[in-house]
Amino acid sequence: MSSGSFWDRIAEMLHLKDVPFMGVPDYMFSIEYWLGAIATSALAWQVLTGLILLLYYQPSDAYDSTMAIIHNVPFGSILLSSHLYGAYVMILAVYVHGLEVFFRGAHKRPRGIQWVLGVLLFAMTLGAAFVGYSLTGDVLSTDAVGVGKGILTSLGLSSLIPVFFGNGTQLDLFTRFLGWHIIIAAALLLFFMLHFYLAEQNGFMPDPREVNYRAPALLSRGDPRLKPWWPRNFVFMLAVVFLTWGIILIIPSVLAIPQVLSRVPILFSPYPGPSPTSPQASSVPAYPPWFFLFMYKMADMPFGLATDVLMGIFIPLIILLIVPALDRGDLLHPLDRPWVTALFITGLTWVIELSIWGAIQPGVPVAILWFILVIVPPVIISFSGVYAAHRMWIRVKAKVNSASLSGRGGFKLSKGTAVALGYLASLLAIVAIAVSLFLNPLTDGPYVGMMWGTASLAFSAALLAYFYVEYIQ
């Protein structure tokens with residue numbers, strides 16, 4: 001059976017040719033256009049592994065049941081560690097996706113609500129992550145509970161502590177956490193569906209040069225470059241899914257190898273920290289996950305916890321939500337909107353600085369002088385640097401805007417080479433799966449995860465080779 005007839009049979013059975021999804025031009029099959037797809041793939045992995053973990057997790061004995069999943073459940077160590085790193089990959093993908101959207105100008109009309117939904121999705125992802133890593137019951141979970149209660153108290157919202165943290169018993173605490181984790185995850189899925197609907201209706205943003213760097217940047221559905229969504233987009237999306245899942249599987253599996261695990265900082269450990277009642281607990285710094293480091297460091301600032309929380313969480317969130325209103329002109333190039341670009345770069349620099357600072361000195365109070373020395377220079381450097389670049393851009397943008405859009409072809413493979421690489425990748429995937437069948441799902445969890453991750457990455461490569469031969473080459 002030819003590949004065409006195979007896809008035609010699938011389409012006929014599932015009526016996929018009737019799905020009104022929008023295709024994209026060939027040049028959009030590039031990673032920067034599919035960062036949202038990477039985040040979506042990670043979300044799918046989180047849902048899949050989270051539902052399985054629900055079968056074994058016991059709120060009445062949070063820490064011991066978490067450790068039992070690792071040591072007593074077949075493939076449990078893979079499920080737990082990849083669920084953690086699935087969250088890491090999802091958060092990192094959303095970070096990069098948001099940066100790419102802003103600098104490309106894809107938050108401008110008609111995509112303003114799409115941006116707002118994306119920011120809310122990011123906030124909910126962080127919320128689900130906070131509750132999720134607290135579910136383990138380890139020493140870091142205990143620290144997180146203390147910080148969470150302290151924040152509510154500082155904001156005058158101590159009456160909400162029983163709502164989020166229960167009545168003071170461990171059973172009620174982790175039952176609440178599990179409930180909130182599921183509630184936030186469900187809300188995240190609902191908001192994602194709306195975000196996806198708007199993204200599909202607006203379509204991928206074309207190369208800004210095609211619209212002379214002006215909004216609205218839309219691809220007409222009658223554009224001759226748009227081929228049918230099925231099976232072209234589906235094959236590429238499937239490759240992205242397996243690429244993402246391979247990364248989610250292979251990184252924590254490598255880190256979980258005993259010889260490696262002992263050297264992994266607790267910030268990136270694929271497994272929970274020690275029990276809060278163990279002797280080792282006192283030697284563990286009060287670290288949050290890496291993506292909360294900047295928020296935790298803001299809590300060390302010398303202005304009082306309520307002010308620190310407002311400055312570190314709520315004000316940045318509000319600014320992100322109103323970006324479409326702050327940047328409502330029709331110019332897309334970041335240097336044509338210098339002040340908001342400088343503001344964005346300044347905020348990004350602060351996040352990086354505070355995260356590094358929080359990793360080096362967690363929980364250490366900050367003097368006002370150090371706060372000034374860290375916070376003020378990025379403002380001066382970002383705004384002056386972007387303004388200088390803006391002046392330079394004004395002189396050269398006419399030439400850039402009139403430049404040809406051709407020459408996007410990039411690296412080329414011959415059809416024969418692509419076919420050969422596809423077969424080799426498929427063979428590697430089969431070998432990796434075969435090897436995993438001979439490993440013990442309890443004692444060899446990290447090595448099984450490595451084989452599964454390798455197979456997923458190889459299968460992604462095989463799909464990309466097929467895609468290249470059938471639709472691009």
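Please work out if Pro224 is free of Cβ contacts under 8 Å to residues at least 60 places away in the same chain and over 14 Å from Gly36 (Cβ atoms).
Values: free of Cβ contacts under 8 Å to residues at least 60 places away in the same chain: yes; over 14 Å from Gly36 (Cβ atoms): yes.
Yes; evaluated as a whole, the condition is true for this residue.
One residue alone among Ala11, Ala62, Ala68 is more than 25 Å from the chain's Cα centre (by Cα), assigned to a helix (DSSP H, G or I) and without any contact (Cβ under 8 Å) to a residue 24 or more places away in the chain, and that residue is Ala68. Among the residues of the stretch 137-190, write down those that are surrounded by 15 or more Cβ atoms within 10 Å (Cβ to Cβ), over 26 Å from the mean Cα position of the chain (by Cα) and in a loop (DSSP other than H, G, I, E, B). Passing the criteria: only Gly166.
Quick test for you: out of Val89, Val116, pick the one residue that is modelled with pLDDT of 95 or more, surrounded by fewer than 21 Cβ atoms within 10 Å (Cβ to Cβ) and in a helix (DSSP H, G or I). Can you show your working first?
Working: Val89 fails: surrounded by fewer than 21 Cβ atoms within 10 Å (Cβ to Cβ).
Exactly one residue qualifies, and that residue is Val116.
Gly329 passes all but one of (1) within 18 Å of Phe122 (Cβ to Cβ); (2) in contact with a helix residue (DSSP H, G or I) (Cβ under 9 Å, 6 or more places away or on another chain); which number fails? Gly329 satisfies every listed condition except (1).
Matching residues to (1) of a type in the set (Gly, Ala, Ser); (2) at pLDDT 95 or above; (3) buried (at least 18 other Cβ atoms within 10 Å of the Cβ):
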position	(1), (2), (3)
Phe411	no, no, no
Ala420	yes, yes, no
Leu428	no, yes, no
Ala434	yes, yes, no
Leu442	no, no, no
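Of the residues in the stretch 35-44, not one is closer than 30 Å to Ile182 by Cβ, in contact with a helix residue (DSSP H, G or I) (Cβ under 6 Å, 6 or more places away or on another chain) and not in a helix (DSSP H, G or I).
Tell me the helices (runs of 4 or more DSSP H) entirely within the stretch 242-330 that contain at least 3 residues that are touching a strand residue (DSSP E or B) at 6+ places or on another chain (Cβ under 7 Å), at pLDDT 95 or above and among the charged types (D, E, K, R).
Details: elements: 258-261, 293-298, 305-309, 315-321, 323-326.
Answer list for the stretch 242-330: none.
If you go through the stretch 324-364 and keep only what is under 22 Å from Val116 (Cα atoms) and in contact with a His (Cβ under 6 Å, 6 or more places away or on another chain), you end up with Pro324, Pro338.
Just checking, does the stretch 27-47 include any residue being hydrophobic (A, V, I, L, M, F, W, C) and over 30 Å from Tyr85 (Cα atoms)? No, that holds for no residue.
Looking across the stretch 191-211, the residues that are hydrophobic (A, V, I, L, M, F, W, C) and assigned to a helix (DSSP H, G or I) come down to Phe191, Phe192, Met193, Leu194, Phe196, Leu198, Ala199, Val211.
Among the residues of the stretch 329-345, is there at least one that is out of contact with any Pro (no Cβ under 6 Å at 6 or more places or on another chain) and under 24 Å from Leu155 (Cβ atoms)?
Restricting attention to the stretch 329-345, the residues satisfying the condition of being out of contact with any Pro (no Cβ under 6 Å at 6 or more places or on another chain) are 329-331, 333-340, 342-345.
Still in the list and also under 24 Å from Leu155 (Cβ atoms): none.
The answer is no; no qualifying residue exists.
The values are calculated or read from the model by the stated rules, or taken from the named source; none is laboratory data. Note that the structure is predicted; figures quoted are calculated from it, not measured. FYI the Cβ positions are ideal-geometry reconstructions off the backbone, even for glycines, and counts take in every protein chain you see.
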